[in-house]
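Enquirer: Below is one structure. I have some questions about it.
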Amino acid sequence: MINLIDSYLGEQIDLEVVTPLFEDGDYTIYWLGIDNETAFRCNVYLIKAGDEALIVDPGSRGFFEQVKSRALEVVSKENIKGLILCHQDPDVSASMVDWLDYKEDITIYSSDRTNVLLPHYGKEDYNYVSVNQNPVHEFSNGRQLEFIEAPFLHFPGAFVTYDRSSQFLLSGDIWAALDINWELVVKDFDEHINNMNLFHIDYMASNIAARGFVSKIEHKEINAILPQHGSIINKNYVLNALEYLRNLKCGTDIIYGDIY
């Protein structure tokens with residue numbers, strides 16, 4: 001069992017290369033990209049379990065070909081079984097229609113609130129699994145993912161994915177950051193707070209939502225946090241990341257702060 005994240009700390013990552021983050025026999029978690037030089041860089045992850053693979057938050061339509069090409073470097077078309085969509089925003093989910101054109105039997109894993117909106121991208125007939133009704137996904141080789149609801153961070157139907165093998169938390173927009181000087185792994189958490197603030201203060205609903213989510217996950221062993229934007233947070237900073245959410249003032253705390 002190898003957690004590779006710390007090996008990339010402070011290293012220059014080749015943005016054209018699929019990057020493994022965790023390896024354990026026939027089980028691997030990859031960072032796929034996207035090669036987009038903006039502060040709003042999107043991370044796409046792929047979980048490969050034997051002959052099955054799920055893509056986590058596949059991204060916008062404009063990057064579909066790039067993400068598909070990178071995925072096919074490590075898995076075959078027939079082994080791509082599904083997409084995990086933590087919410088419906090276009091930078092997370094819009095390319096689902098391209099994936100369904102490419103492979104119509106792909107399964108969409110998302111929340112019921114999200115699934116109400118996904119058909120507006122232009123596909124209404126697809127295999128769907130509700131993470132609300134099925135909070136644990138088990139691959140055929142026995143590896144398991146746990147889906148944890150994270151309401152109002154920032155969407156009412158948002159959720160995160162906890163990988164029980166690596167103990168990685170694939171967190172969607174939670175702990176997302178905006179940073180033009182992006183690195184794959186956070187090097188200095190105190191500096192990274194400013195990058196997270198640029199996203200969280202405006203996008204997240206409230207401190208109550210943030211603290212409520214922390215209460216759901218603080219008992220778990222978390223070896224890394226993998227957000228959809230910004231840098232990965234390694235184990236050394238996980239407690240700092242939890243504390244950041246506990247103390248976060250955002251959204252309605254600020255807009256309607258005079259009411260409290």
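The values are calculated or read from the model by the stated rules, or taken from the named source; none is laboratory data. These numbers were taken from a predicted model, which means no experiment stands behind them. Counting neighbours? That spans all protein chains shown, and the Cβs are built from the backbone with ideal geometry, glycine included. Calculation scope for accessible area: heavy atoms of the full protein, side chains included, ligands and nucleic acids excluded. Shrake-Rupley method; radii C 1.70, N 1.55, O 1.52, S 1.80 Å.
Enquirer: Any chance you could count how many residues in the stretch 194-211 are touching a strand residue (DSSP E or B) at 6+ places or on another chain (Cβ under 8 Å) and of a type in the set (S, T, Y)?
Expert: Residues of the stretch 194-211 touching a strand residue (DSSP E or B) at 6+ places or on another chain (Cβ under 8 Å): 199.
Cutting the leftovers down to of a type in the set (S, T, Y) gives us none.
Residues that pass the stated criteria total 0.
Enquirer: Scan (1) of a type outside the set (A, V, I, L, M); (2) open to solvent by 80 Å² or more (accessible area, probe 1.4 Å); (3) touching an Asp or Glu at 6+ places or on another chain (Cβ under 7 Å) for the single condition Q228 breaks and write down its number.
Expert: (2)
Enquirer: Filter the stretch 159-182 for residues that are more than 16 Å from N197 (Cα to Cα) and open to solvent by 10 Å² or more (accessible area, probe 1.4 Å) and give the result.
Expert: Within the stretch 159-182, Y162, R164, S165, Q167 qualify.
Enquirer: Also, quick follow-up: In the list S140, S206, which residue meets the criterion of being under 27 Å from D112 (Cβ atoms), of a type in the set (S, T, Y) and surrounded by fewer than 17 Cβ atoms within 10 Å (Cβ to Cβ)? I'd like the intermediate steps shown before the answer.
Expert: Details: S206 fails: surrounded by fewer than 17 Cβ atoms within 10 Å (Cβ to Cβ).
That would be S140, the only listed residue that is under 27 Å from D112 (Cβ atoms), of a type in the set (S, T, Y) and surrounded by fewer than 17 Cβ atoms within 10 Å (Cβ to Cβ).
Enquirer: Continuing with the same structure: Let me spell it out: the conditions are (1) in contact (Cβ under 8 Å) with a residue 24 or more places away in the chain; (2) open to solvent by less than 60 Å² (accessible area, probe 1.4 Å); (3) not polar (S, T, N, Q), and R113 meets all of them except one. Which number is the exception?
Expert: (2)
Enquirer: In the stretch 57-93, which residues are closer than 19 Å to V18 by Cα and in a loop (DSSP other than H, G, I, E, B)?
Expert: Answer for the stretch 57-93, where residues must be closer than 19 Å to V18 by Cα and in a loop (DSSP other than H, G, I, E, B): D57, P58, G59, S60, L72, E73, V74, V75, S76.
Enquirer: Restricting attention to the stretch 238-260, and to residues there that are surrounded by fewer than 22 Cβ atoms within 10 Å (Cβ to Cβ) and in contact with a Phe, Trp or Tyr (Cβ under 9 Å, 6 or more places away or on another chain), which single residue is farthest from L145 (Cα to Cα)?
Expert: Filtering first and then ranking leaves D253.
Enquirer: Let me ask you something else. Yes or no: K187 more than 25 Å from S111 (Cα to Cα), among the charged types (D, E, K, R) and surrounded by fewer than 17 Cβ atoms within 10 Å (Cβ to Cβ)? Walk me through it before giving the result.
Expert: Numbers: more than 25 Å from S111 (Cα to Cα): yes; among the charged types (D, E, K, R): yes; surrounded by fewer than 17 Cβ atoms within 10 Å (Cβ to Cβ): yes.
Yes, satisfied.
Enquirer: Checking T28 against (1) assigned to a loop (DSSP other than H, G, I, E, B); (2) closer than 26 Å to R164 by Cβ; (3) not aromatic (F, W, Y), which single condition isn't satisfied?
Expert: Status for T28: all satisfied but (1).
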